[in-house]
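The values are calculated or read from the model by the stated rules, or taken from the named source; none is laboratory data. This structure is a prediction, so every number in the text was calculated from the model and none was measured. Cβ placement follows ideal geometry from the backbone for every residue including glycine, while neighbour counts extend to all protein chains displayed.
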Amino acid sequence: MARTLILDSTLREGEQTPGVSFSVDEKLEIARRLDDAKIDMIEAGHPAVSQDVAEAVKRIAAERLSADVLAHSRALISDVNCAIKCDVPRIAIFIGVTERKLNSMKMNEEKAIDAAVKCVQYAKDHGMKVRFTAEDGTRADYNFVVRICSATIDAGADRISVPDTVGSMMPSDMKEIFSKLSKDLNADLDAHCHNDMGMAVANALAAVEGGASAVHTTVNGLGERAGITPLEPFAVALKVLHGMDTVDLGKLPELSMLVEKYSGIPIAPTQPIVGENAFSHKGGVHAAAVIFDPQTYEAFPPNIVGRQREIVISKYSGKVAVEDRLKRLGVALTEDQLLTVLSEIKERLEIRSFRDVDILELAEKATGKKLEVQVPKKIEALVMVKCESNVYTTSVARRILWIKGVDRVLEISGDFDIEVLIDVDSISQMNEVLEQIRVIKGVAETNTRVVLKKFNNGS
Ligand code: HCA
Ligand code: CU
């Protein structure tokens with residue numbers, strides 16, 4: 001199978017995510033990092049949207065990245081002119097091709113072909129490489145899709161995108177339509193799959209099997225509604241299922257965190273590849289098997305993207321997981337002591353995941369002696385957070401809660417909006433947490449107090 005090209009549209013489709021607006025500098029940084037990760041094409045924006053979008057496209061194009069940089073454009077000469085002003089080497093010109101969309105634009109098929117061809121020719125005359133997009137093409141009349149795409153190919157388009165604009169396809173149909181298009185069109189094909197029914201990765205893979213040579217992605221799957229094919233699982237799937245090397249997989253977690261930070265859209269713990277839990281094992285049966293042989297419960301190892309496997313200790317844990325954790329902490333217990341620790345773990349329901357200190361404390365109790373282990377001294381701090389007036393405090397609070405090292409988040413009244421309890425092992429970790437809080441969109445000010453002494457009433 002030929003190497004699939006990846007076009008990343010985080011800066012165009014991704015910025016169409018409700019609530020997301022990247023600054024020009026943020027876009028430049030994301031573009032550089034995408035380039036660094038060896039993305040083939042970067043869809044930098046739709047310049048006709050606004051002045052700042054145009055400026056970002058122009059500045060990204062001026063970076064002379066290895067990736068092919070392109071601008072998005074409606075099939076309007078005025079839009080193409082905006083792209084020309086940005087000096088982009090490539091343009092993607094789209095027009096809706098379903099009967100419904102043609103009606104809403106008060107156009108018929110011939111007029112749509114005419115508008116598309118004129119714009120493609122105009123862009124070619126101005127020295128740009130051109131992709132034509134038959135928007136919502138998977139739901140449109142197939143013969144018309146072939147007719148309009150062929151006309152734009154004759155006018156000079158070298159790539160054709162037939163997007164699943166509303167995410168209504170399923171993989172078998174996707175493969176079929178791309179197999180047909182590869183025979184009927186004399187151009188390279190792009191697949192752009194929306195995720196409305198959660199099939200964007202599967203549909204993109206199916207399109208590749210059918211003959212698509214490029215797939216559109218966004219970091220963290222951002223985009224209109226439920227977004228499009230997320231870059232991270234798609235690139236990993238190409239590697240794991242087809243042995244295909246595309247982007248630098250080791251760069252994905254950082255890229256994902258950067259986009260999480262600038263977009264303000266949190267990564268769910270269960271998100272594949274980049275979610276907090278993507279490489280964690282919890283159930284006793286799972287943990288025991290993974291400790292024996294990780295492949296028992298892993299389709300691919302975490303180090304494929306530079307991450308590490310975690311065995312969570314909780315009431316679901318069995319003897320093997322607890323013994324393994326203690327061994328890694330340098331503690332060996334007798335069978336009886338181990339069973340005592342395990343039964344305590346199963347009773348202490350207030351602790352959802354046991355940290356090393358918690359486990360060591362139980363081991364000390366079971367052995368009746370102070371263990372000779374270097375347990376890092378914990379640092380606790382209270383961070384008061386003030387939010388900007390136009391943001392929804394709960395969404396900021398929720399984002400803070402997902403930061404590693406944050407114990408509790410309280411929405412409060414008074415001078416500050418949120419109080420955060422941090423529980424970490426070192427000052428440098430505390431600073432890291434503070435930094436992660438400060439960069440969250442909507443955080444205006446923070447004020448930190450380190451806990452010196454704690455008094456409990458014994459309850
Ligand atoms: C839209 C356009 C698009 C275009 C995809 C492409 C879609 O926002 O409607 O140019 O390939 O999903 O059809 O994103
Ligand atoms: Cu789209």
Taking segment 227-257, which residues are more than 16 Å from ligand 1 (Cβ to nearest atom) and either outside the structural domain of residue 9 (by TED's automatic domain parsing) or not in a helix (DSSP H, G or I) (or both)? 243, 244, 245, 246, 247, 248
Sort through 240, 215 and tell me the only one that's among the β-branched types (Val, Ile, Thr), touching a residue at least 40 places away in the same chain (Cβ under 8 Å) and surrounded by 22 or more Cβ atoms within 10 Å (Cβ to Cβ). 215
Within segment 75-96, residues being within 11 Å of ligand 1 (Cβ to nearest atom) and under 16 Å from residue 155 (Cβ atoms) number 5
Could you list all residues from segment 196-225 that are within 11 Å of ligand 1 (Cβ to nearest atom) and of a type in the set (S, T, N, Q)? 218
Select from segment 167-190 the residues that are free of Cβ contacts under 8 Å to residues at least 40 places away in the same chain, within 13 Å of ligand 2 (Cβ to nearest atom) and in contact with an Asp or Glu (Cβ under 6 Å, 6 or more places away or on another chain) and list them in ascending order. none
Have a look at 422, 437 and point out the one that is buried (at least 18 other Cβ atoms within 10 Å of the Cβ) and in contact with a Gly (Cβ under 6 Å, 6 or more places away or on another chain). 422
Within segment 122-147, the count of residues that are part of a helix (DSSP H, G or I) and surrounded by fewer than 23 Cβ atoms within 10 Å (Cβ to Cβ) comes to 9
Return the residues of segment 172-192 that are in a loop (DSSP other than H, G, I, E, B) and either away from ligand 1 (no atom under 16 Å from the Cβ) or buried (at least 24 other Cβ atoms within 10 Å of the Cβ) (or both); say none if nothing qualifies. 186, 192
The number of residues in segment 1-52 that are among the hydrophobic types (A, V, I, L, M, F, W, C), free of Cβ contacts under 8 Å to residues at least 60 places away in the same chain and away from ligand 2 (no atom under 16 Å from the Cβ) is 4
Give the residue that is surrounded by the fewest Cβ atoms within 10 Å (Cβ to Cβ), with candidates limited to residues of segment 148-171 that are assigned to a loop (DSSP other than H, G, I, E, B) and either outside the structural domain of residue 100 (by TED's automatic domain parsing) or polar (S, T, N, Q) (or both). 168
Residue 434: of a type outside the set (S, T, N, Q), over 25 Å from residue 259 (Cβ atoms) and not in a loop (DSSP other than H, G, I, E, B), yes or no? no
Please name all residue pairs, on different chains or six or more residues apart, with Cβ atoms under 6 Å, provided the first residue is in segment 191-206 and is away from ligand 2 (no atom under 14 Å from the Cβ) and the second residue is not hydrophobic (A, V, I, L, M, F, W, C) and not in a loop (DSSP other than H, G, I, E, B). 201/233; 202/171; 206/171; 206/175
